[in-house]
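Remarks on the structure that follows.
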Amino acid sequence: MSLNPKQINIISVLPKMFAALNYGVLGRALEANLLTISCWDPRGHTANKHRNIDDKPYGGGPGMVMMVEPLRKTLQQIQKQAKKPNWVIYLSPQGQPLHQRHLAALGAKLETHCLTFLCGRYEGIDERVIEGFVDEEYSIGDYVLSGGEFAAMVMIDALARLIPGVLGDPLSAEQDSFCRGLLEYPQYTRPENDQGLQVPQVLLSGDHQAIARWRSEMALKRTVERRPDLLNSAVLTEEEKKTLARLLAAGDTPQSGLD
Ligand SMILES: C[S@@+](CC[C@H](N)C(=O)[O-])C[C@H]1O[C@@H](n2cnc3c(N)ncnc32)[C@H](O)[C@@H]1O
């Protein structure tokens with residue numbers, strides 16, 4: 001049992017959606033008290049009898065906009081009860097595109113802060129909430145969702161993997177795609193041969209250095225083929241730089257194990 005669980009808050013008009021967080025790696029992290037997640041529904045802070053949290057946009061146009069007051073009061077309630085300062089993240093298609101490096105920074109922030117994810121609905125939230133209370137805005141991609149809930153779940157799931165103790169083997173997160181700026185190498189498990197498709201011989205050799213070299217080369221090859229843009233900011237060892245130069249000079253990349 002952790003004495004200092006990381007604290008996450010979610011502001012959403014659809015708190016039941018977050019039941020999905022109770023499963024898998026995240027569910028185990030919650031059970032082990034490595035992390036606490038609290039959902040806050042701004043409908044609890046509405047001043048009108050219909051408990052409306054949205055209204056028509058000034059200037060006209062389609063849809064509705066989430067009002068300032070219920071969100072402000074919810075944020076104030078969270079701050080009052082929080083044991084640490086609150087860092088507020090608004091999920092928005094207009095936010096900065098989310099990358100693994102942002103998650104690493106937010107993981108470090110969880111040591112000293114609680115994170116609050118604010119989920120918009122309808123046409124979004126009144127701009128004065130963003131100006132007055134939001135510390136950062138993140139987008140999970142260049143497309144429009146109908147609400148911030150799935151985006152918050154994506155961020156929280158990816159963030160939880162970085163909390164010490166959440167993954168059985170911390171090496172998993174360190175070797176995952178994007179952690180060092182590269183895609184991960186291909187993975188295989190039993191059987192060695194499935195209907196004629198053979199696991200690369202090097203992985204069966206027991207030669208750990210050869211396996212590490214193969215994996216490094218495959219990670220570079222994949223990244224060159226699928227996401228060459230990542231190479232601009234990848235942090236490579238001298239050995240990897242040489243391998244990359246060789247792959248690029250060849251204009252083609254090897255298909256299987258090193259000979
Ligand atoms: C229908 S969207 C509003 C879109 C807004 N009218 C716009 O064009 O920027 C409703 C809510 O979904 C969430 N959302 C939609 N797309 C998102 C994305 N790509 N990343 C993160 N959140 C998103 C935001 O919280 C947003 O307030």
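Quick note: the coordinates plus some simple rules give every number you see, no bench work behind them. Worth saying up front: this structure is predicted, and the values here are computed from it rather than measured. Neighbour counts are summed over all protein chains in view; Cβ atoms, including those assigned to glycine, are modelled from backbone coordinates with ideal geometry.
With a/c under 1.5 counting as rounded, go ahead and sort the stretch 158-259 into rounded, prolate or oblate using the C-alpha gyration tensor (a ≥ b ≥ c being the square roots of the eigenvalues; past the cut-off, prolate if a/b is larger than b/c, else oblate). Show your work: numbers first, answer last.
Details: a/c = 1.82, a/b = 1.06, b/c = 1.72.
Note, shape of the stretch 158-259 comes out oblate.
Pairs from the list Lys16/Lys73; Lys56/Lys84; Lys16/Lys84; Lys73/Lys109 with a Cα-Cα gap above 28 Å: Lys56/Lys84. Run through the stretch 100-171 and list the GluC sites (Glu not before Pro) located in a DSSP loop whose Cβ has at most 12 other Cβ atoms within 10 Å. For GluC sites (Glu not before Pro) across the stretch 100-171 that sit outside H, G, I, E and B with at most 12 neighbouring Cβ atoms in 10 Å, the list reads Glu111. Find me the longest stretch of the chain that has none of the exposed chymotrypsin sites (Phe, Trp or Tyr not before Pro), where exposed means in a DSSP loop (not H, G, I, E or B) with at most 16 other Cβ atoms within 10 Å. Here the longest segment lacking exposed loop sites spans 59-142.
The modelled label-to-label distance between Asn193 and Thr36, using points 7 Å beyond Cα along the C-beta direction, is 5.7 nm. Coordinate range of the alpha-carbon atoms in the chain per principal axis, descending: 74, 46, 38 Å. Label-to-label distance, Asp229 versus His208, with points set 7 angstrom from Cα along the beta-carbon direction: 3.7 nm. Amide H contacts for Leu35 (H built 1.01 Å from N in the peptide plane; partners 5 or more residues away or on another chain; cut-off under 5 Å): Lys6. The longest part of the chain holding none of the exposed loop trypsin sites (Lys or Arg not before Pro), meaning those outside H, G, I, E and B in DSSP with at most 15 other Cβ atoms within 10 Å, is 84-259. Once the Cβ-Cβ distance of Glu123 and Gln81 is raised to the sixth power relative to R0 = 25 Å, the FRET efficiency obtained is 0.25.
In the chain, the DSSP beta bridges split such that about 20 percent are antiparallel, to the nearest 5. In this calculation the C-beta distance from Lys49 to Glu136 is compared with R0 = 30 Å, giving a FRET efficiency of 0.30.
Using the Cβ-Cβ distance between Asp169 and Gln94 with R0 = 51 Å, the FRET efficiency computed as 1/(1 + (r/R0)^6) comes to roughly 0.85. For the stretch 128-144, 3J(HN,Hα) computed residue by residue from phi via the Karplus equation (6.51, -1.76, 1.60; θ = phi - 60°) reads 5, 5, 5, 5, x, 10, 8, 8, 8, 10, 10, 10, 9, x, 7, 7, 10 Hz, glycine and proline entered as x. Residue separation of Ala105 and Thr237 scaled by 0.36 nm, minus their Cα-Cα distance, works out to 45.3 nm of gained length.
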